[in-house]
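Structure first, then comments.
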Amino acid sequence: MKTYRASRSLILLVCLASLLTGCWDYSDIETRAFVLGLGVDLDKASPDGGYLLTVEIPHTTSSQMQGPTPGGGGGGEPKLVADATGKTVADATVALGKKLPLTPAWGQIISVVISEEVAREGINHILDIFIRGVRLNIRARLFVVEGSAGEAFAHQSTSQPVTSQVLRLMEHHFDYYPRFAKPNPLHEAKRPINEGPTLLPRLVMEGGELIISGAAVMREGSMVGWLDEETAEGANWLLGDVKRSHLILPCPGSPNSSIALELRSKGRRIKFRQTEPVAQFHFELAAHARIMDMANCPLSPVTVEDRRKIEADAEAALNKRAMRAITRAQDELGVDFLGLDVYLQRHAPRVWRELDWELAFPQVRVTVGSDITITDPGSINREARL
């Protein structure tokens, strides 16, 4: 009995002690400004150079998040956009901290937007502050914008006023519409940006809306050019990043109608041959296809002959898209953003050690072949489901 009472007393003391303890590292969220977006531009106003840093901070109260109402009555701005300048990005973050009424919480950043001018000068030192600084979120996504990064965050989309959240939502479009570079966390992007050519998603203003379109080509941390949407998709097929894509083909024998296909990637393979005078790479792309639309097209995908015509046209269209990326890489930019250097280093290290890859890359022969199989001609005359 005494043992039972002693145990009850001990449990009671433990419970009371837990209630008396406090959080030694507690920080009141009402005193913090949660930075979701970070934009980096050149400080053109300073004769000594430097950077203009823009932050996007959403207001958290429901009345503020509703945004301004027509006519100026009621509601409030859904976000705060503030900026500051500094000789370095780190200097600018300190200057921003002095200007804001609340303490910035940098660990919540989800989107980092770099202007084209900054990207062309080089971004390794900008990435460095994320990798070294424990305050900044290394899982944020990195984008390059045509124009001003500050203006990108000042923009308010009709669907979501917070730009950084818009960018993270649009990131999910890649699985269905891979016509831009795949967004990756900063800590994953830093290694290829520093060690070899890579692609970053490109932002443009189109029809009054900020969208992700195409890619910025980076070499040794500096931007060397853009890829348009179709070329970026071709690059994604060659890189093996595509899960699903779409093709619009003209209907054979009926120029006023088209065929829309949904492609589901079955993967890609690379073959390498060491030949003289140049080495050869061959990409094999494979996909299943589903017919989405072929109204007014007289072909019937149920018949073997017509189905094969559609498959052959689809293979030619996909090959053309991939070859655009190869031409852009080899002939126009001279930058191996397709990762052939990495493939060679892993699968033929002896050959890789003997080559000066920067000189060899524009000379190697790169070909593409596709294998597309229509597995679903589409359902027609279905009964309506209630």
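The values are calculated or read from the model by the stated rules, or taken from the named source; none is laboratory data. Computed from a predicted model, the values in this text were never measured in an experiment. Methodologically, a virtual Cβ is constructed for each residue, glycine included, from the backbone with ideal geometry; neighbour enumeration extends over all protein chains shown. These accessible areas exclude ligands, DNA and RNA; they are computed on the full protein's heavy atoms, side chains included. Shrake-Rupley method; radii C 1.70, N 1.55, O 1.52, S 1.80 Å.
Some values worked out for this structure:
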quantity: Karplus (6.51, -1.76, 1.60) ³J(HN,Hα), θ = phi - 60°, over the range 169-178, in Hz, Gly and Pro reported as x; calculated: 5, 5, 4, 5, 5, 4, 5, 10, 9, x
quantity: Spacing of the two label points (7 Å from each Cα toward its C-beta) at Glu305 and His172, in nm; calculated: 4.6
quantity: Carbon plus sulfur fraction of accessible area for the range 160-261, probe 1.4 Å, in percent; calculated: 47
quantity: For the range 227-237, Karplus couplings with θ = phi - 60° (6.51, -1.76, 1.60), whole Hz, Gly/Pro x; calculated: 10, 6, 4, 5, 5, 5, 5, x, 5, 5, 5
quantity: Carbon and sulfur %, accessible surface of the range 306-386 computed with the full protein complex present, 1.4 Å; calculated: 45
quantity: R0 of 41 Å, Cβ-Cβ distance Asn124-Arg269: FRET efficiency to nearest 0.05; calculated: 0.80
quantity: R0 of 30 Å, Cβ-Cβ distance Thr88-Ala154: FRET efficiency to nearest 0.05; calculated: 0.80
quantity: Residue-normalised accessible area of the range 137-288, given per residue in Å² at a 1.4 Å probe; calculated: 44
quantity: Calculated FRET efficiency for the pair Thr367/Asp293, C-beta based, R₀ 35 Å, to 0.05; calculated: 0.65
quantity: Overall dimensions of the range 212-263 as given by Cα atoms, namely Rg and Dmax in Å; calculated: 15.1, 49
quantity: Out-of-range pairs (alpha-carbon distance over 32 Å; input Lys99/Lys182; Lys271/Lys309; Lys44/Lys320; Lys44/Lys98); calculated: Lys99/Lys182; Lys44/Lys320
quantity: Karplus 3J(HN,Hα) series, Hz, for the range 136-146 with 6.51 cos²θ - 1.76 cosθ + 1.60 (x for Gly, Pro); calculated: 9, 7, 6, 8, 5, 9, 10, 10, 10, 10, 6
